[in-house]
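> I'd like to ask you about the structure that follows.
The values are calculated or read from the model by the stated rules, or taken from the named source; none is laboratory data. Nothing here was measured: the structure is a model prediction, and the numbers come from that model. Quick reminder, even Gly has a Cβ in these numbers, built from the backbone with ideal geometry, and neighbours come from all protein chains shown.
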Amino acid sequence: YSSLAGLVNRNPRFSTLNDEDIRYFEGILGNKNVIQDEERLIAANTDWMHKYKGSSKLLLLPQSTDEVSQILKYCNSRCLAVVPQGGNTGLVGGSVPVCDEVIINLSLMNKILSFDKVSGILVCEAGCILENIITFLDNEGFVMPLDLGAKGSCQIGGNVSTNAGGLRLLRYGSLHGNVLGLEAVLANGTVIDMLKTLRKDNTGYDLKHLFIGSEGSLGIVTKVSILTPPKLSSVNAAFLACKDYISIQKLLQEAKRRLGEILSAFEFLDGQSMNLVLNHLEGARNPLPASMHNFYVLIETTGSDESFDKQKLEAFLLHSMENELISDGVLAQDINQASSFWHLREGIPEALMRAGAVYKYDLSITVEKLYDLAEEMRTRLGNVANVVAYGHLGDGNLHLNISAPQYDDKVLSQIEPYVYEWTSKHRGSISAEHGLGLMKANKIFYSQSHETVQLMASIKNLLDPNKILNPYKVLPDSVSS
Ligand code: FAD
Ligand code: 2HG
Ligand code: ZN
């Protein structure tokens, strides 16, 4: 592990946990949900990438909003720092303690509370695992507007807190649009009920948005209400190859124009990503094995008329072939083949983990410029590291991953601050969908003005004056300590 705790000074304002605190928490939660067991603490202290490792001595598992409220009220009065935790799949070191913060994990708050079949509005607790929600909705004939590779572990509360984007944002939009309401507990224990189930509600400031994407720094999300679209009968997937980046851009334009309302995903991976995933992911199979290509695209369509959709997709593919936008391609013949396309795409983060050390960047850049960065990075790094570029091209979101046998400060200094400066120069975002967490708290100025960050700090101060919620994360030291 490369623990970052050594790089961050523990804020001396925070108290240290004592026996009386433990007894108090046991009084609220009962002994079994106050965890001091070493093995469980190691897991809860360590992030998905095994890159960030805290040293918390306590994991709390509340079962209700009231329990969360009592925990926070007490921690606030004692000035005990806390880290809210969902499925712990975050990729920026936001979900684990930096030092000895108390971990509050929502996994026991996992009930679906209601589902309205007429409106498609689901209300559930924050600890529901995304995949369980997807399955529940599927049985009801609906779909979750959010899907991502970590669905088997991540929780809806974590998704909302990171404003996760994922694989179908192109079609359904972001959680700022799909989350209709939420309940959150502030640092002082106050429960804020914004759990509306209305499409339209212009009564004053729409404060739920403060909790969407604030990474547990303003409150703990305990319940969520989400608008879900009906499941449509016809889903198709195509796996295509392109010879160069210009062709991919044209393909995206054509897909938007010719597939229009049925387009539900447009994901890309470069040849280096394909090689990496084939070498390191179990069960990965190249759908286009005849030869290696520079770029691959996974297109998905979702519509309500099977023959119409197929016809549309086939016409689009024919047009793309004739105009040499694609050099090869395959249309999934059944659900298993479609799943194998998705397995390949969704498995890239895991393959990267298995390949060794990885420097991970999640950037929004205009589509036209997006791949220039990967190429420049390759030139900069030569053969000391493998530059792997993929992502949600339809949303202008590049996942730039630099894979190397081990972490090395010399390699890091070749990448940073260059990657952030480049992104800032092109007016992109240094965090498209993963958040800032610990990794990028001090990089915020590359994407936000001083005035904006100052306003964020004022809001933080108002909602969490003792700064007990997820310290050292999201906002830079200069405004947050
Ligand atoms: P955690 O990792 O536990 O926490 C994330 C942040 O939210 C932390 O700051 C934490 O303090 C806070 N938090 C968690 N729960 C709460 C709560 N109830 N209240 C307040 N704060 C809370 N992200 C994408 O956007 N798109 C993707 O396509 C995508 N794919 C991924 C694929 C893989 C294989 C992996 C490992 C990760 C991927 N991610 C993706 C990143 C990650 O899965 C998401 O950020 C996810 O939303 C995190 O949910 P979680 O429950 O695991 O949250
Ligand atoms: C994805 O789209 C995730 O697969 C992870 O957001 C991205 O590993 C990454 O860089
Ligand atoms: Zn992603």
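> Name the pairs: first residue in the range 320-340 and closer than 19 Å to Gly283 by Cα, second residue assigned to a helix (DSSP H, G or I), Cβ to Cβ under 9 Å, at least 6 apart or on different chains?
Pairs found: Val330/Gln337; Val330/Phe341; Ala332/Ala338; Ala332/Ser339; Ala332/Ser340; Ala332/Phe341.
> Residues that are at pLDDT 95 or above and within 22 Å of Ser161 (Cα to Cα): find the helices (runs of 4 or more DSSP H) completely inside the range 1-113 holding 3 or more of those.
Ranges flagged: 38-45, 65-78.
> Let me spell it out: the conditions are (1) aliphatic (A, V, I, L, M); (2) touching an Asp or Glu at 6+ places or on another chain (Cβ under 9 Å); (3) away from ligand 2 (no atom under 16 Å from the Cβ), and Leu130 meets all of them except one. Which number is the exception?
Unmet for Leu130, out of (1) aliphatic (A, V, I, L, M); (2) touching an Asp or Glu at 6+ places or on another chain (Cβ under 9 Å); (3) away from ligand 2 (no atom under 16 Å from the Cβ): (3).
> Confirm whether Asn11 is touching a Gly at 6+ places or on another chain (Cβ under 7 Å), closer than 23 Å to Tyr472 by Cβ and either among the hydrophobic types (A, V, I, L, M, F, W, C) or surrounded by 15 or more Cβ atoms within 10 Å (Cβ to Cβ) (or both).
No: the conditions fail for Asn11.
> Only one of (1) among the aromatic types (Phe, Trp, Tyr); (2) touching a Gly at 6+ places or on another chain (Cβ under 8 Å); (3) farther than 17 Å from Phe239 by Cβ is not met by Phe308, so which one is it?
Looking at each condition in turn, Phe308 falls short on (2).
> Pick out the one residue from Asp408, Asp362, Asp395, Asp334 that is assigned by TED's automatic domain parsing to the domain that holds Ser291 and either crowded, with 17+ Cβ neighbours inside 10 Å or out of contact with any strand residue (DSSP E or B) (no Cβ under 7 Å at 6 or more places or on another chain) (or both).
Matching residue, one of Asp408, Asp362, Asp395, Asp334: Asp334.
> Restricting to the range 134-164, name every residue that is of a type outside the set (Ser, Thr, Tyr), away from ligand 3 (no atom under 16 Å from the Cβ) and surrounded by fewer than 24 Cβ atoms within 10 Å (Cβ to Cβ).
The answer is Ile134, Phe136, Leu137, Asp138, Asn139, Glu140, Gly141, Phe142, Val143.
> Separate question: Check off (1) crowded, with 17+ Cβ neighbours inside 10 Å; (2) without any contact (Cβ under 8 Å) to a residue 60 or more places away in the chain for Pro417 and give me the number that stays unchecked.
(1)
> Conditions first: (1) away from ligand 1 (no atom under 16 Å from the Cβ); (2) under 22 Å from the mean Cα position of the chain (by Cα). Phe211 passes all but one, so which condition is the exception?
Answer for Phe211: the failing condition is (1).
> For the range 165-189, which residues satisfy the criterion of being farther than 17 Å from Ile220 by Cβ, within 16 Å of ligand 2 (Cβ to nearest atom) and buried (at least 20 other Cβ atoms within 10 Å of the Cβ)?
Gly165, Gly166, Leu167, Arg168, Leu169, Leu170, Tyr172
> Collect the residues in the range 236-255 that are touching a strand residue (DSSP E or B) at 6+ places or on another chain (Cβ under 8 Å) and not in a strand (DSSP E or B), keeping them in residue-number order.
Residues satisfying the conditions are Lys243, Asp244, Tyr245, Ser247, Ile248, Leu251, Leu252, Ala255.
> Does Leu259 satisfy being assigned to a helix (DSSP H, G or I), of a type outside the set (Ser, Thr, Tyr) and more than 16 Å from ligand 2 (Cβ to nearest atom)?
Considered against the rule, which asks whether it is assigned to a helix (DSSP H, G or I), of a type outside the set (Ser, Thr, Tyr) and more than 16 Å from ligand 2 (Cβ to nearest atom), Leu259 comes out as yes.
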